[in-house]
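**Student:** Quick one: the structure is below, questions incoming.
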There are 2 protein chains.
Amino acid sequence: MPQGQPEAVPADGLTTRQRRNRPLLMVHTGPMKGKSTAAFGLAMRGWHQGWSIAVFQFVKSARWRVGEESGLLALNGVHEQTGAGGPVEWHKMGSGWSWSRKPGTEADHAADALEGWREIQRRLAEARHQLYVLDEFTYPMKWGWVDVDEVVDTLRNRPGGQHVVVTGRDADPRLVEAADLVVEMTKVKHPMDTGQKGQRGIEW
Amino acid sequence: MPQGQPEAVPADGLTTRQRRNRPLLMVHTGPMKGKSTAAFGLAMRGWHQGWSIAVFQFVKSARWRVGEESGLLALNGVHEQTGAGGPVEWHKMGSGWSWSRKPGTEADHAADALEGWREIQRRLAEARHQLYVLDEFTYPMKWGWVDVDEVVDTLRNRPGGQHVVVTGRDADPRLVEAADLVVEMTKVKHPMDTGQKGQRGIEW
């Protein structure tokens, strides 16, 4: 998308510069491919800006997103070796969160998800990163593993210039209400409709 | 998106393995953010698979997508130095195509676009890459700078296992018809609606 002109200039007392640098809460939702992929593309763009980026993946299979994980961690390596770009961290629930001493409890995904969210809350309070990718985080919200009102309150009141993108289907209306930008990926045509199976490099 | 089960098993005489490795023509269209970003996220995933990737950017401003260009070229550097991932090439119309001896003719975008498409045709005929990102390529099609029927014919009949993703608004119905997968990015909410300006790291 090219740099657009706003449709209206708001009477919010902010300067253009302040509005330009307003931290965004973004939601990528809808039934179709591209929600997470666009979020990781955004992370690549943030990397180029030198941002500190943290990905929190609320998924159970270690197989998913391995390409994006590998790519973003390779960019983190470039940052460490050359100073180009910014640092990237990748945390996933599937195999037990990296900061946790206990392995992932296959028996209690709800507790694992809540532990991930508590860590995100701590980091948001410290303004630790400039971009947080909360991948598939709509599901712990939908399933009641984390409290939606608490999530929305934490995100609305986060300090500093922290951007957050949440991905997943069925975003809660309260999250949509709180978000600055919401994109819905909708299906026009998908190869699985005609029997195509998911394939390496395309689906994961 | 998790690995899904197809909704139907087609009577196309192909094995599951053949269907799994079928080269895809993908289109990311619609009015909202995420079309290109998801395509570059897909390129990052393909990089991890060791694919040869070529991006062709049909845009005029050198500023756009600089983050993704930088990120993907850094991944190409990782590939060259360590052998990890695959090679990535990034070609853009804005400053004159890289293979062209003449600089970009600001006066004749139509000729520049057609020159880019001719190069893509040559590479497709040679099966040079495994993933082509034709960024904002819907516009040269829309504006008549390239012939839509010819594009569709070339893409339908491309040899080998070459994946292609085309991004941009207003995808031609003939391209949609030929595509295996079409995602539309639709707007639920955008900060420009309330006067937010595009910002570094988010829009470009």
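**Student:** Of all residues in segment B:131-155, which are part of a loop (DSSP other than H, G, I, E, B) and without any contact (Cβ under 8 Å) to a residue 60 or more places away in the chain?
**Tutor:** B:Trp143, B:Gly144, B:Trp145, B:Val146, B:Asp147
**Student:** Another question, if that's okay. Given the criteria at pLDDT below 95, surrounded by 15 or more Cβ atoms within 10 Å (Cβ to Cβ) and over 26 Å from B:Val66 (Cβ atoms), does B:Thr154 qualify? Talk me through it step by step, then tell me what you get.
**Tutor:** Values: at pLDDT below 95: no; surrounded by 15 or more Cβ atoms within 10 Å (Cβ to Cβ): yes; over 26 Å from B:Val66 (Cβ atoms): yes.
Against the criterion (at pLDDT below 95, surrounded by 15 or more Cβ atoms within 10 Å (Cβ to Cβ) and over 26 Å from B:Val66 (Cβ atoms)), B:Thr154 does not qualify.
**Student:** If the Cβ limit is 7 Å and pairs must be 6+ apart or interchain, which residue in segment B:75-88 that is in contact (Cβ under 8 Å) with a residue 40 or more places away in the chain pairs with which residue that is outside any helix (DSSP H, G or I)?
**Tutor:** Correct list of pairs: B:Gly86/B:Gln49; B:Gly86/B:Gly50; B:Gly86/B:Trp51; B:Gly86/B:Ser52; B:Gly86/B:Ile53; B:Val88/B:Ile53.
**Student:** Let me ask something else. Any idea which residue in segment B:1-48 is farthest from A:Arg169 (Cα to Cα), counting only those that are within 7 Å of chain A (Cβ to nearest Cβ), out of contact with any His (no Cβ under 8 Å at 6 or more places or on another chain) and modelled with pLDDT of 90 or more?
**Tutor:** Among residues in segment B:1-48 that are within 7 Å of chain A (Cβ to nearest Cβ), out of contact with any His (no Cβ under 8 Å at 6 or more places or on another chain) and modelled with pLDDT of 90 or more, the one farthest from A:Arg169 (Cα to Cα) is B:His48.
**Student:** Something else about it: B:His109 passes all but one of (1) at pLDDT below 95; (2) in contact with a helix residue (DSSP H, G or I) (Cβ under 7 Å, 6 or more places away or on another chain); which number fails?
**Tutor:** Among (1) at pLDDT below 95; (2) in contact with a helix residue (DSSP H, G or I) (Cβ under 7 Å, 6 or more places away or on another chain), B:His109 violates only (2).
**Student:** Right, another one. In contact with a strand residue (DSSP E or B) (Cβ under 8 Å, 6 or more places away or on another chain), acidic (Asp, Glu) and surrounded by fewer than 17 Cβ atoms within 10 Å (Cβ to Cβ), is that true of A:Asp170?
**Tutor:** Here the answer is yes, as A:Asp170 does meet what is asked.
**Student:** Which residue is surrounded by the fewest Cβ atoms within 10 Å (Cβ to Cβ), if the candidates are limited to segment A:49-62 and must be at pLDDT 95 or above and more than 13 Å from the chain's Cα centre (by Cα)? Please lay out each step first, then the result.
**Tutor:** Step one: filter segment A:49-62 for residues at pLDDT 95 or above, giving A:50-56.
Adding the requirement that they be more than 13 Å from the chain's Cα centre (by Cα) leaves A:50-52.
Working: A:Gly50: 14, A:Trp51: 23, A:Ser52: 19.
Per the stated criteria, the residue is A:Gly50.
**Student:** Just to be sure before I move on: is A:Thr138 of a type in the set (Ser, Thr, Tyr), crowded, with 20+ Cβ neighbours inside 10 Å and within 16 Å of the chain's Cα centre (by Cα) in the structure I sent?
**Tutor:** So A:Thr138 passes the test.
The values are calculated or read from the model by the stated rules, or taken from the named source; none is laboratory data. Everything numeric here is computed off the predicted structure, so don't read it as measured data. We place every Cβ from the backbone using ideal geometry, glycine too, and count neighbours over all the protein chains shown.
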